[in-house]
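Quick notes on the structure that follows.
The values are calculated or read from the model by the stated rules, or taken from the named source; none is laboratory data. Only a predicted model underlies this, so the values are computations on that prediction, with no experimental measurement involved. Positions of Cβ are backbone-derived with ideal geometry, glycine not excepted, and every protein chain shown enters the neighbour counts. Heavy atoms of the whole protein, side chains included, go into the accessibility calculation; ligands, DNA and RNA do not. Shrake-Rupley method; radii C 1.70, N 1.55, O 1.52, S 1.80 Å.
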Amino acid sequence: MKRPFFAVLGGMGTLATESYIRLVNRATHAHGDQDYLDYVVFNDASVPDRTAYITGESNENPFPVIADDIEKATAMGASFIVLTCNTAHYFYDDFQKLTPVPILHMPRGAVNRMAQRYPKERFPRVGFLGTSGSRKSGVYARATAEAGYTFVEPTDDLQARITSLIYDDVKGSGELNPERYESVLRDMLDPAGPCACDALILGCTELSVLNEAFPLPQLPIIDAQAVLVEDTVARARSLR
């Protein structure tokens with residue numbers, strides 16, 4: 001009998017999609033071909049830049065392209081859909097209206113995991129690292145506030161450094177620098193700094209690529225993609 005499968009909407013960017021798939025496969029702890037999960041990947045690199053559209057820097061709307069992928073995944077019979085781009089969750093409600101197939105909500109999953117690992121009583125100030133588009137969308141700000149945390153945005157200088165990590169390093173040259181990455185995290189966590197965060201959410205899959213390459217388990221970090229991986233595997237296994 002054909003097993004249920006899920007659909008991955010990727011290509012935003014491709015390296016981040018590759019990281020997500022690699023982590024999903026690793027998390028299955030498979031010992032043979034049939035132990036892996038069944039999934040279809042839409043590595044749709046034609047999706048226009050989400051941040052550029054949300055911030056008004058571009059008129060190219062990514063919604064129709066992603067919506068087309070959702071319709072295809074629905075027609076193929078996917079049991080659930082994974083949207084691997086944090087910024088694309090700006091359109092989440094409209095995406096979900098297109099299909100009866102549930103779409104996992106990465107930001108909500110990340111904040112739920114934050115509440116489990118870093119309770120608000122001890123870690124009240126949560127810093128957000130992501131694109132300026134994700135910041136403007138307010139998706140993480142709302143989810144964090146609803147969970148009872150204080151949402152902390154980076155300063156303009158820190159946001160410029162985060163943006164450089166995303167666009168210049170991971171999406172651009174592919175040259176990943178652990179010092180550049182860690183310095184941003186520590187500056188946001190510095191109790192004497194302008195942000196003085198108690199914990200951080202990595203809300204961009206390019207930052208998740210850096211977290212995979214340079215894990216820092218000693219720091220209070222929630223990696224949204226890592227949480228999405230765990231939620232994906234758990235849901236897929238529950239359908240078998």
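Laid out as a table, the results:
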{"item": "For the chain, the longest site-free run once GluC sites (Glu not before Pro) in DSSP loop states with at most 10 other Cβ atoms within 10 Å are removed", "result": "1-120"}
{"item": "Relative contact order for the chain, counting Cα pairs under 8 Å that sit 6 or more residues apart, in percent", "result": "24"}
{"item": "Net charge dipole size for region 15-116 [Lys, Arg +1 and Asp, Glu -1 on Cβ; Debye, nearest 20]", "result": "420"}
{"item": "Selected from 138, 115, 160, residue furthest toward positive end of dipole (region 95-170; charges at beta carbon)", "result": "115"}
{"item": "Electrostatic dipole magnitude of region 71-187 [Cβ: Lys, Arg +1; Asp, Glu -1; Cα centre; debye, to 20]", "result": "440"}
{"item": "Shape parameters for the chain, alpha-carbon atoms, Rg then Dmax in Å", "result": "17.4, 59"}
{"item": "Overall Cα dimensions of region 112-240, principal axis frame, Å, largest first", "result": "45, 36, 30"}
{"item": "Selection from 208, 148, 177, by position along the positive dipole direction of the chain (Cβ)", "result": "148"}
{"item": "Taking region 77-210 and dividing mean pair separation by its residue count, relative contact order in percent (alpha carbons under 8 Å, at least six apart)", "result": "29"}
{"item": "Cα centre as origin, Lys/Arg/Asp/Glu Cβ charges: the chain dipole, Debye", "result": "880"}
{"item": "Burial ranking of peptide ranges 105-117, 27-39 (average Cβ count within 10 Å, highest at the top)", "result": "105-117, 27-39"}
{"item": "Helical contribution to [θ] at 222 nm, DSSP H n ≥ 4, -39,500 (n - 2.57), averaged over the chain, rounded to 500", "result": "-13500 deg cm²/dmol"}
{"item": "Angle between the chain longest axis and helix 178-189 axis [Cα atoms, degrees, rounded to 10]", "result": "70"}
{"item": "Solvent-accessible heavy-atom area per residue, rounded to whole Å², over the chain at 1.4 Å", "result": "45"}
{"item": "Given 72/136; 2/171; 72/171; 2/97, the pairs whose alpha carbons are separated by over 31 Å", "result": "2/171"}
{"item": "Carbon + sulfur, % of accessible area of region 107-224 - ligands and nucleic acids excluded, 1.4 Å", "result": "48"}
{"item": "Dipole of the chain [Lys/Arg +1, Asp/Glu -1 at C-beta], most positive-end residue of 20, 55, 228", "result": "228"}
{"item": "Net charge, residue 147 excluded, C-beta distance under 15 Å - Lys, Arg +1, Asp, Glu -1", "result": "+4"}
